[in-house]
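Engineer: To start, I am sharing the structure in question, which I have written as C-alpha cells.
The values are calculated or read from the model by the stated rules, or taken from the named source; none is laboratory data. It should be emphasised that the depicted structure is a prediction, and the values quoted were computed from it without experimental measurement. Backbone-built Cβ (ideal geometry, glycine too); neighbour counts: all protein chains shown.
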Amino acid sequence: MPPKYVKFSNIQQYSQEEIQTAIYSIKQGISVRQASHNFNIPYSTLQRHSTNEEESFGSGRQTVFTAEEENHLFHAITVLEEILTTETFVKEIHEKLLSSEFINNLCRSIVESDIFIQTIATLVDNKLNVYETKLSVLEEENKQLKSHIHSIQAKVNDMDQYSKRKDVIITGIPQTPEEDTTKLVINLAKEIGFDLNVKDIYASHRLPSKSQPKPNIVGFLRYTDRTELLKRRRQLKDVNGYQKVYINEHLTKLNLDLFHHARQNLPKHNVYTRY
C-alpha cells in the first residue's frame with residue numbers, strides 16, 4: 001500500500017510516517033526546531049502536530065487525521081485566507097471601520113464602559129491631588145507675603161508718623177484773603193499763654209479740603225514747642241472767638257482712620273493719641 005501523504009503547501013508533501021517519525025524524535029527529547037532541520041519538515045507543521053499529540057494524550061484519546069481530512073482542512077484554511085485578503089473584503093472592512101455608525105457605537109461603548117469611567121475618575125483624582133498640593137503651596141506663600149507686606153506697611157507708617165511728630169493740625173480758624181497763617185498761629189498761642197515767634201515755626205499753610213474754613217498745618221522747629229501747644233489746647237474753649245478751634249496731632253491716614261474707628265466704637269473720653 002502506498003504511504004498516505006498530507007498536503008501542507010503547494011510545493012511540498014510529507015508522508016504520515018515521516019511526520020510520525022519526526023514527532024517520535026521530539027518525544028525522545030530533541031527540540032522541534034532540530035527535528036524540523038533533521039527531517040526537512042517545516043517547523044510550523046511539526047509544532048502543530050506536536051501540540052495535537054499532547055492535547056490528545058492529555059484528554060485520554062488520540063486524534064488521527066486521514067490524508068483526506070488533512071487536505072480538506074488545508075483547503076478550508078486556504079479559502080479563508082483568500083477571502084480575508086481579497087481587495088473587496090479589505091475595502092468593506094475599511095469602510096465599515098470608518099463609518100459614522102461604527103465610530104459612534106464604538107465611542108459609546110468605550111465611554112459607557114466601567115473601565116473607561118474608572119480610568120477617567122482616577123485621572124481626575126490624580127490631577128486634583130496635584131492642583132490641591134500646588135494650591136496649598138500658593139496659599140502658604142500668599143500668607144507669608146501678606147504678613148511681610150503688613151510688616152512693611154507698619155514700618156512705613158511708623159516712619160511717616162515720626163516725620164510728622166513736630167506738626168499740628170489746627171481747624172476752625174476763619175479764613176481771610178491774603179492771610180498770614182504763621183501770624184494766625186502765633187496769635188492763637190498768645191491767647192492761651194504760650195509765646196511763639198516766627199523763628200519757632202518752619203512752615204504753616206492751609207490744607208486742601210472741601211470743608212470751610214480749611215484746616216491749617218503747622219510745623220515747629222522743636223518738638224517741645226509742638227508738645228507745649230497741645231498741652232494748652234483745652235484752654236481754647238474759654239477764649240472768646242476760639243471755642244470752635246481745635247488743635248490735633250498730625251496723624252498718618254492709617255492712624256487717623258484707626259483713631260476715628262476707636263472714637264466711634266469706644267467711650268470717647270478713653271480714646272486719645274500721643275505721638
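Engineer: Which of the residues belonging to the range 197-216 are small (Gly, Ala, Ser) and surrounded by 10 or more Cβ atoms within 10 Å (Cβ to Cβ)?
Structural biologist: Within the range 197-216, 203, 204, 209 meet the criteria.
Engineer: Select from the range 259-275 the residues that are hydrophobic (A, V, I, L, M, F, W, C) and outside any loop (DSSP other than H, G, I, E, B) and list them in ascending order.
Structural biologist: The answer is 259, 262.
Engineer: Still on this model: Kindly provide the set of residues from the range 195-216 that are assigned to a strand (DSSP E or B) and touching a Ser or Thr at 6+ places or on another chain (Cβ under 7 Å), ordered by number.
Structural biologist: 201, 204, 205, 206, 216, listed by residue number.
Engineer: I've got another one for you. Which one of these is exposed (fewer than 11 other Cβ atoms within 10 Å of the Cβ), of a type outside the set (Phe, Trp, Tyr) and assigned by TED's automatic domain parsing to the domain that holds residue 245: 181, 176?
Structural biologist: Answer to the selection: 176.
Engineer: Next question, about the same structure. When only residues in the range 233-258 that are in a helix (DSSP H, G or I) and surrounded by 16 or more Cβ atoms within 10 Å (Cβ to Cβ) count, which is farthest from the chain's Cα centre (by Cα)? Talk me through it step by step, then tell me what you get.
Structural biologist: The first filter runs over the range 233-258 and keeps only residues in a helix (DSSP H, G or I), leaving 233-238, 253-258.
With the extra rule that they be surrounded by 16 or more Cβ atoms within 10 Å (Cβ to Cβ), the set shrinks to 233, 236, 255.
Values: 233: 59, 236: 63, 255: 38 Å.
Checked the range 233-258; the qualifying residue farthest from the chain's Cα centre (by Cα) is 236.
Engineer: Restricting the search to the range 96-125, which residues are exposed (fewer than 10 other Cβ atoms within 10 Å of the Cβ) and of a type outside the set (Val, Ile, Thr)?
Structural biologist: 98, 100, 101, 112, 114
Engineer: In the range 173-194, how many are of a type outside the set (S, T, N, Q), outside any helix (DSSP H, G or I) and more than 16 Å from residue 250 (Cβ to Cβ)?
Structural biologist: 8
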